[in-house]
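The structure appears below as structure tokens.
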Amino acid sequence: MTDEPPLRRRAARRAGDESPTSPEADGPSTGSPDGPTAPEPPAAAPAGPAPQLLTAPREGTPAPVETPDELAEAVARFAAGTGPVAIDAERASGYRYSQRAYLVQLRRGGSGTVLIDPLPLGDLRTLDAAIADAEWVLHAASQDLPCLSDLGLRPRRLFDTELAGRLAGFERVGLAALTEQLLGYALEKHHSAADWSSRPLPESWLSYAALDVELLVDLRDALAAELVAQGKQDWAAEEFAALVAWGAQPPRNRPDPWRRTSGIHRIRGARAQARVRAIWYARDDIAARRDSAPGRVLPDSAIIAAAEIDPKDERTLLSLPGFGGRSVRRLARIWLDALDTARGLPDDALPTNPPIDGPPPPHRWAERDPVAAARLSRCREVVTTTAAAHKLPPENLITPDSIRRLAWTPPEDITPETVSATLRGYGARAWQVSLIATDLAAALEAPKG
């Protein structure tokens, strides 16, 4: 068979002709955390034939590339191929400490599908050079770009099928959902949460991985046609260019990562926060040494329980939720030592709340600044209305944080030009600014009368 499977629905699609009707989310939610609802997706087409379930790649499941000679052969194949390159990566986030890629999948016209095991190979810079001039096609690119970059794989041009689906107004933008809606094929997703660091990888896992790139270029073509039909191809180009630029930047270390412990909102007082911090870093050291996901060493809920109770002895500690497992009990002395350290800190060494970079939480606005709260409400209405008119998720039209910052501290001289400049300073793209800057400028002004 050729590299291009038959497409059942793509040719006849136009803006608003077809979309999913199920309200179930197959990927990240398109609802804004600030409250605007998701836009109405393109209207559904009449029911067609049932999707064809794909359970194995058309040319069979290739064995993973594991040696320099095998890699050289794969590089030559992809250098001789034509058209875009479909790329995906499998990590082991729930199992391992690192976010490295444990398998890389690629497919290109004339090259077929290749699965690469990066563990014995180190970097893949020779492959990067072979496909540097091609457009890379990824699904949810922001998830895979960091681990691909670690291997020396950095796109110069890309097409993100998930982001394209959002811009086109599809309600469900997971790979399986979009493939079914646009191509008429169903993909099994049984191994999405597998431990890809295990070796050897089972045949069924390898088939699953190969299928993730099997139809990706065809999906790209279908979505590109949809974007053109809706007049959104230039918007997508700006978004994809921003992703390329983001992926080329070195990762930024997050300050005070322990503050992201699930349930930390229950912790009151600097001393209790110090206990969370001490146990968190003790757990992180162990997880890094073991290359194990931190939650598999000690769950966040156990850290919070210990910080609340502040147990002084092993018996009390082990009676707390999350400390009952045998592997956790063996580390009891480490957890107690961490608590002892936090207990002995002088007051000036306790955590202090970081300075707030930006406006306060929106639920406090009405009390602190009713005028700003009213501005925020009007600005949100602009975003919701404009997003719905263009069949976009509100958060893809503009980030909620940008709207909060704009409403809390608007330009001194409110004009479409100053609002545009402010939004660009927050990272908004030109297409986003062109759609909402004028209406936001009007919303920032107090209503007359």
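Per-structure values
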{"read-out": "Cβ-derived FRET efficiency at R0 41 Å, residue 203 paired with residue 233, nearest 0.05", "value": "0.55"}
{"read-out": "Accessible area per residue in Å² at 1.4 Å probe, computed on the stretch 52-124", "value": "41 Å²"}
{"read-out": "Beta bridges by DSSP in the chain, antiparallel share as percent, to the nearest 5", "value": "55 percent"}
{"read-out": "Pair residue 288, residue 195: separation of 7 Å Cα→Cβ label points (nm)", "value": "2.3 nm"}
{"read-out": "Cut-off 19 Å, label 7 Å out along Cα→Cβ of residue 434, residues of the stretch 157-189 by amide N", "value": "164, 167-169"}
{"read-out": "For the chain, built as a Gaussian network whose Cα springs stay under 10 Å, the top-fluctuating residue of 137, 371, 383", "value": "371"}
{"read-out": "Translational diffusion coefficient (Stokes-Einstein; Kirkwood radius from C-alpha pairs) of the chain at 4 °C, 1.567 mPa s, in µm²/s", "value": "52 µm²/s"}
{"read-out": "Candidate lysines for bridging to residue 232, where Cα separation is under 28 Å - those fewer than 8 sequence places away on the same chain excluded", "value": "391"}
{"read-out": "Accessible area, probe 1.4 Å, largest first, for residues 185, 97", "value": "97, 185"}
{"read-out": "Accessible area per residue in Å² at 1.4 Å probe, computed on the stretch 302-449", "value": "54 Å²"}
{"read-out": "Simple spin-label estimate for residue 368 and residue 242 in nanometres, 7 Å along Cα-Cβ", "value": "2.5 nm"}
{"read-out": "Heavy atoms of residue 316 accessible to a 1.4 Å probe, total area in Å² rounded to 10", "value": "50 Å²"}
{"read-out": "Cβ-based net charge around residue 253, under 15 Å, with every Lys or Arg adding one and every Asp or Glu removing one", "value": "+2"}
{"read-out": "For the stretch 225-301, size of Cβ-based charge dipole, Lys and Arg +1, Asp and Glu -1, in debye", "value": "880 debye"}
{"read-out": "Surface share of carbon and sulfur [accessible, 1.4 angstrom probe, percent] for the chain", "value": "52 percent"}
{"read-out": "Once exposed loop trypsin sites (Lys or Arg not before Pro) are cut out (DSSP; at most 10 other Cβ, 10 Å), longest piece of the chain", "value": "1-251"}
{"read-out": "GNM flexibility winner over the chain from 141, 349, 80 (Cα, springs under 10 Å)", "value": "349"}
{"read-out": "Linear extension gain, residue 126 paired with residue 312, 0.36 nm per residue minus alpha-carbon span", "value": "61.4 nm"}
{"read-out": "Where labels lie 7 Å past Cα in the beta-carbon direction, separation of residue 52 and residue 73 in nm", "value": "2.9 nm"}
{"read-out": "Selection from 153, 382, 219 lying farthest towards where the dipole of the chain points positive, charges on Cβ", "value": "382"}
{"read-out": "Choice from 210, 225, 342 with maximal GNM fluctuation in the chain (Cα, 10 Å cutoff)", "value": "342"}
{"read-out": "The stretch 145-267 - accessible surface per residue (Å², probe 1.4 Å)", "value": "41 Å²"}
{"read-out": "Gyration tensor verdict on the stretch 348-402 (Cα atoms; rounded if a/c is under 1.5, prolate if a/b is larger than b/c, oblate otherwise)", "value": "oblate"}
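The values are calculated or read from the model by the stated rules, or taken from the named source; none is laboratory data. What you see is a predicted model, and the numbers here were worked out from it, not measured in a lab. Cβ: placed from backbone, ideal geometry, glycine included. Neighbour counts: every protein chain shown. Side chains included, ligands, DNA and RNA excluded: accessible areas come from the protein's heavy atoms. Shrake-Rupley method; radii C 1.70, N 1.55, O 1.52, S 1.80 Å.
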